[in-house]
Protein chains: 2
Amino acid sequence: MLRTHTCGELRISDVNRDVTLAGWVQRLRDKGSLLWIDLRDRYGITQLVFDETHTPRELMEQARKLGREYVVQAEGTVVERVSKNDRIPTGDIELRVKKLTVLNPSRVPPFTIEDDTDGGDDLRMKYRYLDLRRTPVRDNLMLRHRVARETRAYLDSQNFVEVETPVLIKSTPEGARDFVVPSRIHRGEFYALPQSPQTFKQLLMVSGFDRYYQIVKCFRDEDLRADRQPEFTQIDCEMAFVTQDDILSVFEGLIKHLFKTVKGIDLPEVPRMTYEDAMRQYGSDKPDTRFDMRFKELTDLVKGKGFQVFDNAEIVVGICAKGCAEYTRKQLDELTEYVRRPQIGAKGLIYLQYKTDGSVKSSVDKFYTPEDLKGWIERFGANPGDLILVLAGETNATRKQLNELRLLMGDRLGLRDKNTYSALWVIDFPLLEWDDENQRYHAMHHPFTSPRKEDIPLLDTDPGKVRANAYDLVINGNEIGGGSIRIHDKPTQQLMFRKLGFTPEEAQKQFGFLMEAFEYGAPPHGGIAFGFDRLCAVFGGSDSIRDFIAFPKNNAGRDTMIDTPSTISQEQLDELGLVIKPE
Amino acid sequence: MLRTHTCGELRISDVNRDVTLAGWVQRLRDKGSLLWIDLRDRYGITQLVFDETHTPRELMEQARKLGREYVVQAEGTVVERVSKNDRIPTGDIELRVKKLTVLNPSRVPPFTIEDDTDGGDDLRMKYRYLDLRRTPVRDNLMLRHRVARETRAYLDSQNFVEVETPVLIKSTPEGARDFVVPSRIHRGEFYALPQSPQTFKQLLMVSGFDRYYQIVKCFRDEDLRADRQPEFTQIDCEMAFVTQDDILSVFEGLIKHLFKTVKGIDLPEVPRMTYEDAMRQYGSDKPDTRFDMRFKELTDLVKGKGFQVFDNAEIVVGICAKGCAEYTRKQLDELTEYVRRPQIGAKGLIYLQYKTDGSVKSSVDKFYTPEDLKGWIERFGANPGDLILVLAGETNATRKQLNELRLLMGDRLGLRDKNTYSALWVIDFPLLEWDDENQRYHAMHHPFTSPRKEDIPLLDTDPGKVRANAYDLVINGNEIGGGSIRIHDKPTQQLMFRKLGFTPEEAQKQFGFLMEAFEYGAPPHGGIAFGFDRLCAVFGGSDSIRDFIAFPKNNAGRDTMIDTPSTISQEQLDELGLVIKPE
């Protein structure tokens, strides 16, 4: 080793030891007769000291010439510091250097390698290997490492077997777009990269593997939006001979284990809520339950009083923001502007201020009597000082708009602390989702999700009402995981494909192998997949998954560091038998 | 859960317990008044019993109708067996069934699900999910799981950080062919799938991550041969601030840990041998050291005696097969035929039989006196009863031929037992390898391998003689891992690219980011990668990696189960802007 110790481990008990360190020059302070260098590695920072009394002139000069980010090896003796630094674990000591070797010099980095950097996003992506030197970024990846390790530890303890499924699979154009890989040997044919190992994990259940997991890369060729990555990582799991309850309980165990071991937090029992209740109470299938502020419907109270907006609305629904009654006109206008932004799309916002003195002020005073408004207050259980905010319109759209407003108010009231965690199981998702554009139903999860037995008759009469044995795990308003009990017999799977508009030939071509497998003794089974990048981001208290990926793509799907995607040679294209069509 | 216990856990102490099992019907024996079913799951087999005294007639009839591979749930009481079966852990008990539920019937499988199956390779690949039910195949994947788990346990204990590197990277047409992935958003541009995370792990060292590992899928679009897979798995590792010795010692630790924890074997210290010695003594850079039978050169002894074959040969070299002196003429002819096969390509084989009675018989008696032949015997330290086999010709070719013969003799003498393990470090590989076809040097490992400092001057005068800081781990004649100390400065890397025939522009386009990274404080570093599939195969005592991959491709790179590669839709091609050129 080019070092005897790391830059994070020397303590007062090491004083007088001769040691060798290696690392990067973080900072150099030169007082003429005294010179300090902060030497940094992955484990910490140790101060090197050079002073005229102990340091030969030549060595002093050599030290003086070091630049930021030079890689050096320093041999010397551990001494006690005169003025200690209690902000770092090595702060009691410093290294009196006897010999200094420059292992590699460094050009001046394009941005400062500090906790807070002056580098913009683009620069930091291009020089990602320098950005990764910064403590907060390194900490994110160390966190990711720990989450992966503890995930495996828990699943191993529960008898899960890690099985690697193939990356070169078959294109099945259901759901998002596949990335494809042209085959050179079989010209004109393609592999596809998996959007998830779904069918393979189901086949493993048919094989009797019974408890499978994998932390695995998945791929989606989507039109990119902020914080989507073309390649992402899943904790992918499947179990046989289980009910939905068994799966929820095993994976609630996983999440509790992760919170305990990675964050030191005892997560309480995770409540369960139906999709219908989540939509009714939060307007979202991934509600942020760190704060209450649930929706209350006023539809029955407000109709027929001459206020056209409410009279014509399918639903009138609101939230109560505690302690916000004294919002100014300007503040209230801001909220109205917020919900009227095109991304949210509400027509307007009605408010009721239940002032601290007990008086009531509302934007619809002229339509509703004080008695009417008291009915609203009662419905919300509001107290003096509270502000009631109400939206009206078509049910689904209005709930979605109110969800956005609720989240905004949660932010304003400081109810969404990144260090507070609230988890929730959302269950009983609809099986199908109507796709207006293509005028057909889509599988809300995927075509392998089983319908609830009692709802199967509805498949013919009211498909949108059929509930699935499907569930999501939500933490702090983020969908962290989702899964379902799968179909495990051919007739139900065929029925499902038919309802999704597959012809029997299409179903056979794409999923014939799975349906055939179901005929050879497929056990009842189900599973779940967790978005590993998102899970790490939530644990790290960040909204961005990119900060938790070592080498992410930018929003255009590009890695600007290595410059990919990029052109390939004509020779490569010829070998693949491909021609690029001019646009 | 649909069961209270697995089929592998009930014991005599469970007698009288009411339990529920679930699994597959392995076998049914029907004696009329008595009926047994072997119920199988991943954990074992438990016998179900139905007898006229205890079993209602209807249940008896229901059991009688079950077919092989039906999935059933059986509730009943654990009873002691009358005739115990000591070959299985559950052999003391059986389950007297009270209730039987068919969870899923099964068609008759296309081959028998037994340890030895009647299914051919093609059929087993097409129904891989059924093949995976067979105990030996399942055991292989369980072994793989344990090897992965223990690999992580060891590397975690050594402070390695698991970092995921990207799968969508950039095509760098050095070495094998890349699989490429067309970008839809950036039309005409492509990602490539990694042949290894080589440059990324080096960048992680530049980032200060210092000890990195990953068990990771890699991809090579090679012309397929037996036991090559287009996607394969590596244990990929890199360390900074280390010497070659440090790396060998850390990863010798890994291999010892794996042997200990997975196989229960204490692997002795792994000897080190230079590439030159390995070629000289075994004719191979991956010698099987389970047996000695090293080469001895006779060149100096045999020249000038009128035997043209030896006189014209660059090298005359042989092995001594103990106890084979009494081989018949037919056996010796077989050996000659073996080495003359086109795949091996020797012109002929010379032998010397040192008979048990002390007499000597040789195929070149007429050229060499008994005194001459005694010289051969002495060189080999042969004893009466030994057979000396000699080849002659051009040095490299002859050594390779003799290597094949040595392995054959090892097999014949039973010296290559699959349960015996011998590991070896081969070090000091040549940096460059002459490529006759393209009339240029190739990097023997890859272009990032550092030359030994003292050999750098040879780069200009005799490039083929330059030794690299490169090493391979060989177990039982299989190359299990390989790596090197890397170049970590731009000038040396540029020099290397120049020697490999890159123009400065090509080097910049493909690897500019890496050379730039070397200018920002790159620490000395090196690493190693292990072929994970091969490692598992060696641990499992198998020659074939395919048996240790859940869903392998066949020798034509095809997955016949899911039928891939396959055609994609015109719509997909159009979106990608690609046209398939007619052949």
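Since every read-out is calculated from the coordinates, none of them should be taken as a lab result. As the structure is a prediction and not an experimental result, all values here were calculated from the model. Virtual Cβ from ideal backbone geometry, glycine too; neighbours counted across all protein chains shown.
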| request: Excluding A:Asp118 itself, calculate the net charge of residues whose Cβ lies under 14 Å from the Cβ of A:Asp118, where each Lys or Arg counts +1 and each Asp or Glu counts -1. | output: -3
| Angle between the Cα long axis of helix B:504-517 and the longest principal axis of chain B, 0 to 90 degrees, nearest 10? | 60
| request: Could I have the simple spin-label model distance between A:Asp462 and B:Asp18, label points 7 Å from Cα toward Cβ, reported in nm to one decimal? | output: 4.0
| query | For segment A:12-104, treating each Cα as an identical point scatterer without solvent, what Debye log10 I(q)/I(0) comes out at q = 0.23, 0.24, 0.25 1/Å? | reply | -1.26, -1.38, -1.50
| Which whole-number percent is the relative contact order of segment B:158-302 (Cα, under 8 Å, 6+ apart)? | 16
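Taking a ≥ b ≥ c as the square roots of the Cα gyration tensor eigenvalues, with a/c under 1.5 meaning rounded and otherwise prolate when a/b beats b/c, else oblate, which class fits segment A:1-160? Don't skip to the answer; put the middle values down first.
Values: a/c = 2.40, a/b = 1.48, b/c = 1.63.
Oblate shape, in that a/c is at least 1.5 and b/c is the bigger or equal ratio.
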| query | Put a dot 7 Å past each Cα toward the Cβ at A:Leu413 and B:Thr243; how far apart are the dots in nm? | reply | 6.6
| request: For chain B, calculate the relative contact order in percent as a whole number, restricting contacts to Cα pairs under 8 Å that are 6 or more residues apart. | output: 13
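For a distance above 19 Å, tell me the whole-number percent of Cα pairs in segment B:291-416 that qualify. Each step should come with its number before you reach the end.
On the way: 3339 of 7875 pairs.
Of all Cα-Cα pairs in segment B:291-416, 42 percent lie more than 19 Å apart.
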| field | Furthest towards positive pole of dipole, A:Asn312, A:His257, A:Gln331, structure part segment A:227-355, Cβ charges | value | A:Gln331
| said: Please compute the average number of Cβ atoms from other chains found within 10 Å of each residue's Cβ in peptide A:128-136. | reply: 5
| said: I'd like the Karplus ³J(HN,Hα) series for segment A:9-22: coefficients 6.51, -1.76, 1.60, θ = phi - 60°, whole numbers in Hz, and an x wherever there's a Gly or Pro. | reply: 10, 6, 10, 4, 5, 8, 4, 6, 6, 8, 9, 10, 10, 9
| remark: Expected integer from the mean partner chain Cβ neighbour count at 10 Å over A:192-200 is 2
| request: Write down, largest first, the equivalent ellipsoid semi-axes of chain A in whole Å, where each equals the square root of 5 times an eigenvalue of the alpha-carbon gyration tensor. | output: 51, 38, 23
| task | Please compute the Cα-Cα pair-distance distribution of segment A:347-478 with 5 Å bins starting at 0, giving whole percents from short to long. | result | 2, 8, 12, 13, 14, 13, 11, 11, 9, 5, 1, 0
| message | Please report the antiparallel percentage of the DSSP beta bridges confined to the protein assembly as shown, to the nearest 5. | response | 95
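Is there a simple number for the mean count of other chain Cβ atoms within 10 Å of the Cβ of residues in B:201-213, and what is it?
Values: counts 0, 1, 8, 5, 1, 6, 12, 15, 10, 6, 1, 2, 1.
Mean shielding by partner chains, rounded to a whole number: 5.
Whole number please: convex hull volume per residue of the Cα set in segment A:196-265, in Å³?
Roughly 123 Å³ of hull volume per residue.
Treating only the Cβ atoms of Lys and Arg (+1) and Asp and Glu (-1) as charged, compute the dipole magnitude of segment A:291-416 about its Cα centre; round to the nearest 20 debye.
Details: 20 positive and 18 negative charges, 47 e Å.
For this selection, approximately 220 debye.
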| message | For chain A, take the longest principal axis of its alpha carbons; what is the angle in degrees between that and the long axis of helix A:370-380, to the nearest 10 within 0 to 90? | response | 60
| What FRET efficiency would be calculated for the residue pair A:Asp574, B:Asp563, taking the C-beta separation as r and a Förster radius of 41 Å, to the nearest 0.05? | 0.95
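Explain nothing, just the number: dipole magnitude of chain A about its Cα centre with +1 on each Lys and Arg Cβ and -1 on each Asp and Glu Cβ, in debye rounded to the nearest 20. Could the numbers behind the result be given before it?
Values: 82 positive and 92 negative charges, 289 e Å.
Result for chain A is approximately 1380 debye, rounded to the nearest 20.
Pairs to check: B:Lys170/B:Lys217; A:Lys201/B:Lys126; A:Lys263/B:Lys201; A:Lys330/A:Lys366. Give those whose C-alpha atoms are more than 24 Å from each other in this structure. Don't jump to the answer; show the numbers that get you there.
On the way: B:Lys170/B:Lys217 16 Å; A:Lys201/B:Lys126 16 Å; A:Lys263/B:Lys201 28 Å; A:Lys330/A:Lys366 21 Å.
Exceeds cut-off: A:Lys263/B:Lys201.
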| field | Hypothetical label at A:Glu276: residues of segment A:282-326 whose amide nitrogen lies under 19 Å (7 Å Cα-Cβ projection) | value | A:282-287, A:295-300, A:315-316
| message | Helix B:490-499 against the longest principal axis of chain B: what's the angle in degrees, Cα atoms only, rounded to the nearest 10? | response | 80
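Using only alpha-carbon positions, what ratio does the radius of gyration of segment B:148-249 give when scaled by 2.2 N^0.38 Å? Can you show the working numbers first?
Numbers: Rg = 15.7 Å, N = 102, 2.2 N^0.38 = 12.8 Å.
Rg over 2.2 N^0.38 Å, computed on Cα atoms: 1.23.
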| said: What percentages make up the Cα-Cα pair-distance distribution of segment A:74-139 when the bins are 10 Å wide from 0? | reply: 17, 30, 36, 17, 1
| message | If I model segment B:118-166 as equal point scatterers sitting on the Cα atoms and use the Debye formula, what is log10 I(q)/I(0) at q = 0.26, 0.30 Å⁻¹? | response | -0.92, -1.06
| query | If you put a point 7 Å past Cα along the Cβ direction, how far is that point for B:Lys453 from the same point in each other copy, in nm, smallest first? | reply | 7.5
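Among A:485-492, A:366-373, how do they line up by average Cβ neighbours within 10 Å per residue, starting with the highest?
Numbers: A:485-492: 19.9, A:366-373: 13.8.
Listed from highest to lowest mean packing, they are A:485-492, A:366-373.
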| field | Paramagnetic label zone (point 7 Å from Cα along Cα-to-C-beta, A:Asn396; backbone N under 18 Å) in segment A:460-481 | value | A:461-468
| task | Using only Cα atoms, locate the centre of segment A:198-218 and the centre of segment B:361-438, then give the distance between them in Å, rounded to an integer. | result | 48
| note | Expressed in angstrom and ordered largest first, the alpha-carbon extents of segment A:486-583 along the principal axes are 50, 47, 24
| Modelled FRET efficiency - R0 30 Å, A:Phe111 with A:Ser33, Cβ distances, 0.05 increments | 0.40
| remark: In whole Hz, the Karplus estimates of ³J(HN,Hα) for segment B:152-169 (6.51, -1.76, 1.60; θ = phi - 60°; x where Gly or Pro) are 5, 4, 5, 5, 4, 5, 9, 6, 6, 10, 7, 10, 8, 9, x, 9, 8, 10
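How big is the shadow of the Cα convex hull of segment A:419-488, averaged over all directions, in nm²? Display every interim value, and only then the final one.
Numbers: hull surface 22.7 nm².
Projected area, direction-averaged: 5.7 nm².
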| field | Label-point separation, B:Lys65 to B:Glu269 (7 Å along Cα→Cβ), nm | value | 7.1
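Per the Cauchy relation, a quarter of the hull surface: what is the mean projected area of the convex hull of the alpha carbons in the protein assembly as shown, in nm²? Mind dumping the intermediate values first?
Working: hull surface 242.0 nm².
Here the figure is 60.5 nm², rounded to one decimal.
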| message | Using 10 Å bins from zero, what percent of all Cα-Cα pairs in segment B:473-537 falls into each bin? | response | 19, 34, 26, 19, 1
